[in-house]
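Every number here is computed from the coordinates shown, using simple stated rules; none is lab data. This structure is a prediction, so every number in the text was calculated from the model and none was measured. Cβ placement follows ideal geometry from the backbone for every residue including glycine, while neighbour counts extend to all protein chains displayed.
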Amino acid sequence: MKKNKIQNITITAIGIIIIAGIIAYNYSAEQTKQKGFQFGNELAQIQQEVTELQTKFYSEKTQWDEGDITKEELLEYYDEHVEKFENIISKYDNLSTPELFESSVELFKISSETQLKSDIEYIKWIKTGDELAKVRSDTQIQEAYEYENLGLVEFQLAKSGIIEFDEAGKFSPPDKVLKQKVIQISENMKNKCDLEFKNEMDEFDSNEIEVEWFNCFNEAEKWKKDHLP
């Protein structure tokens with residue numbers, strides 16, 4: 001009888017431990033689910049804010065073209081735009097990003113940063129009429145879209161559980177499309193370096209400019225190596 005009682009107590013104790021473990025697991029899983037839900041909502045909110053800001057950016061230009069606002073009013077708004085955009089970009093760093101999504105969030109952030117650079121060049125074009133600034137703006141906005149598309153691909157792969165990590169925990173997407181996109185973006189970055197630092201003769205105006213081009217080119221190569229699967 002005593003033996004059975006001890007067995008029952010032992011079984012009950014084990015049962016309590018198992019139940020406690022299940023409750024803890026379910027609680028942890030629920031917490032993880034809630035955190036994931038919060039992360040997804042916060043990231044979506046940032047992307048939505050970027051979209052709304054860009055829509056407003058170009059609608060203000062349209063109003064100026066149509067004579068509804070003055071150039072001074074447009075440039076005043078653009079000053080506010082840059083400040084607002086910088087504040088939005090800072091929100092990426094405040095996300096509680098799950099490890100699996102870190103790469104995609106970084107790409108979304110790079111996309112927004114590149115978009116801001118494009119906007120700044122666009123504003124310079126409006127202010128000064130510098131056509132090269134407009135060319136740089138157009139190039140950068142294309143890069144921003146490519147970064148965003150790559151971020152979306154990685155995000156969907158992570159969401160679907162397709163992304164795997166090797167022993168070092170390095171991101172290793174299985175899709176060849178990602179490799180092609182990374183190479184394409186890297187080449188665009190290099191073209192941007194050429195556009196910014198080389199003259200019409202495809203040469204450098206000074207040794208200092210050549211060094212800047214070299215550093216820019218190496219940054220593009222480094223980015224490619226860091227993001228290639």
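Placing a label point 7 Å from the Cα of S90 along the Cα-to-Cβ line, the residues of the range 103-118 whose backbone N sits under 18 Å from it are 109-110, 112-114, 116-117.
Determine the alpha carbon to alpha carbon distance for each of K109/K224; K56/K192; K159/K222; K71/K109; K84/K124 and list only those over 23 Å. Can you show the working numbers first?
On the way: K109/K224 17 Å; K56/K192 26 Å; K159/K222 27 Å; K71/K109 30 Å; K84/K124 18 Å.
Over 23 Å Cα-Cα: K56/K192; K159/K222; K71/K109.
Extension gain for E196 to E131 (0.36 nm times residue separation, less C-alpha to C-alpha distance): 22.1 nm. The stretch between I209 and L152, if pulled fully straight at 0.36 nm per residue, gains 17.0 nm over its current Cα-Cα span.
Sort S104, S137, S206 by Cβ crowding within 10 Å, fewest neighbours at the top.
Working: S104 23, S137 20, S206 9.
Going from least to most buried by this count: S206, S137, S104.
The gain in end-to-end length when the L228 to N41 segment is fully stretched comes to 64.5 nm, 0.36 nm per residue minus the alpha carbon separation.
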